[in-house]
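Novice: Here you go, one structure.
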Amino acid sequence: MTSANSHQRSPFLTAYAVLVFAFIYLPIVVLVLYSFNRDGVGGFPPRHFTLDWYRQLFSDSAIWESVINSLLVATASVALSLTLGLLAASVVMLSAFARIEARSRSPLVPSAAVRNRSLVAANLSAFFLFGAFFAFIFLGSLLMQQVLGYSPTRTGVAWLATTVASFFAAGIAGAKLVGVVGVRRLLVGGFTLLAIAALLLTRVPAGAHYATDLLPVLILAGLGGGISAPAIQIGALSGVPHSMTGLAGGLVETLREIGGGVVVAIVATVLVSRAGTRAGAASSAARRLAAVNAFHTAFWVMFAVAALGALTAAIAFPRSTTQQVGLEPALSPDSIVPQSEARA
């Protein structure tokens, strides 16, 4: 019965759908037909075929600007929706992972690692340190090439100052300074050097000279990163059992990559948003000044990250953090040889 009724109603539904679509689209079809009429809309059938209307359409700069703006808005909306969607999915997956880990008998990250104050402090410090340092490399390279006009080769040579300073600072920090100063103070000092470097870059002029404006900053950043990186590794391993040393090192490396990715994404967003005024600048000098101002704002973000790192290291690390790494006690002969064999 139901099938028969549906078959009886289908012609009326089809006719209704045709009328609705005709009401919507038929005027558009008529306008398209009359767009080829030189006299415009009026009279039927259309006469005097012409393409003048389309020539005027494609030569109108205001219309093209509207089309481009619409495409930009649509692209930005899709990108924003995709970014927020991926971020929401990441939060959901991270929550599910934490829930599974909490119920697992052998979790990937034991609860003892989360309760270890030195390990947690080292991971937070790694997040802020490498976030600020990677942002420094990212922004510094763009500043040299896009504002100061350095070639890629000259930019790479300029970074040698940071590399050399970081190399020697890491060797001294890992071998001597940690045992004398301690992890906590060494990290606070390293973050302070990074913060000073970022602060100096917030004042870098558009016509900066390498020897006076960039070289001191590159050396300071290299020293700060060089003394902090070994201290973070030593702090992560302080008081950690031998069976957890691999996990501790892996967590630090993970937070290093996460911090670098997150902070670089933030400073890139700030840089692009602040550099939007470059397009409206009349002269090349004005555009260059606008670009420098955008970099100044991005370096303020790096300064804030380095300052948060110094505050975290000062508060989170225990004052008694040393270079010693806790080891599990060695196995006794009774634990290796079965008791039955020992009695024999």
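The values are calculated or read from the model by the stated rules, or taken from the named source; none is laboratory data. Bear in mind that the values here come from a model prediction, so they are computed numbers and not experimental data. Counting neighbours? That spans all protein chains shown, and the Cβs are built from the backbone with ideal geometry, glycine included.
Novice: From the list V114, V164, V157, V180, which one is surrounded by fewer than 19 Cβ atoms within 10 Å (Cβ to Cβ) and closer than 30 Å to A96 by Cα? Break it down into steps so the answer makes sense when it comes.
Specialist: Details: V164 fails: closer than 30 Å to A96 by Cα; V157 fails: closer than 30 Å to A96 by Cα; V180 fails: closer than 30 Å to A96 by Cα.
It is V114.
Novice: Looking only at the range 267-291, count how many residues are in contact with a helix residue (DSSP H, G or I) (Cβ under 6 Å, 6 or more places away or on another chain), at pLDDT 85 or above and of a type in the set (V, I, T).
Specialist: 2
Novice: Among the listed residues L200, L214, L218, L194, which satisfies the condition of being on the phi < 0 side of the Ramachandran plot, among the aliphatic types (A, V, I, L, M) and more than 24 Å from the chain's Cα centre (by Cα)?
Specialist: Going through L200, L214, L218, L194 in turn, just one is on the phi < 0 side of the Ramachandran plot, among the aliphatic types (A, V, I, L, M) and more than 24 Å from the chain's Cα centre (by Cα): L214.
Novice: Enumerate the pairs (first residue in the range 204-229 and surrounded by 18 or more Cβ atoms within 10 Å (Cβ to Cβ); second residue anywhere and at pLDDT 95 or above and acidic (D, E)) with beta-carbon separation below 8 Å, excluding pairs fewer than 6 apart on the same chain, so at least 6 apart or on different chains.
Specialist: none
Novice: Could you check the range 126-223 for helices (runs of 4 or more DSSP H) lying wholly inside it with 3 or more residues that are within 27 Å of R319 (Cβ to Cβ)?
Specialist: Per the criteria, 160-172, 178-181, 183-201.
Novice: In this structure, is G190 within 18 Å of A121 (Cβ to Cβ) and at pLDDT 90 or above?
Specialist: Taking the combined requirement at face value, the residue satisfies it.
Novice: Return the pairs, sorted by first residue and then second, in which the second residue is part of a helix (DSSP H, G or I), the first residue lies in the range 104-123 and is farther than 17 Å from G249 by Cβ, the beta carbons are less than 6 Å apart, and the residues are 6+ apart or on different chains.
Specialist: Filtered contacts from the range 104-123: P107/E101.
Novice: Since I196 meets every condition but one in (1) in contact with a Pro (Cβ under 6 Å, 6 or more places away or on another chain); (2) modelled with pLDDT of 95 or more, which condition does it not meet?
Specialist: (1)
Novice: Something else now. What tally of residues in the range 242-261 results from selecting those that are among the hydroxyl-bearing types (S, T, Y) and under 24 Å from the mean Cα position of the chain (by Cα)?
Specialist: Total satisfying the criteria: 1.
Novice: If you go through the range 224-241 one residue at a time, how many are over 25 Å from the mean Cα position of the chain (by Cα), of a type in the set (A, V, I, L, M) and in a helix (DSSP H, G or I)?
Specialist: Within the range 224-241, residues that are over 25 Å from the mean Cα position of the chain (by Cα), of a type in the set (A, V, I, L, M) and in a helix (DSSP H, G or I) number 2.
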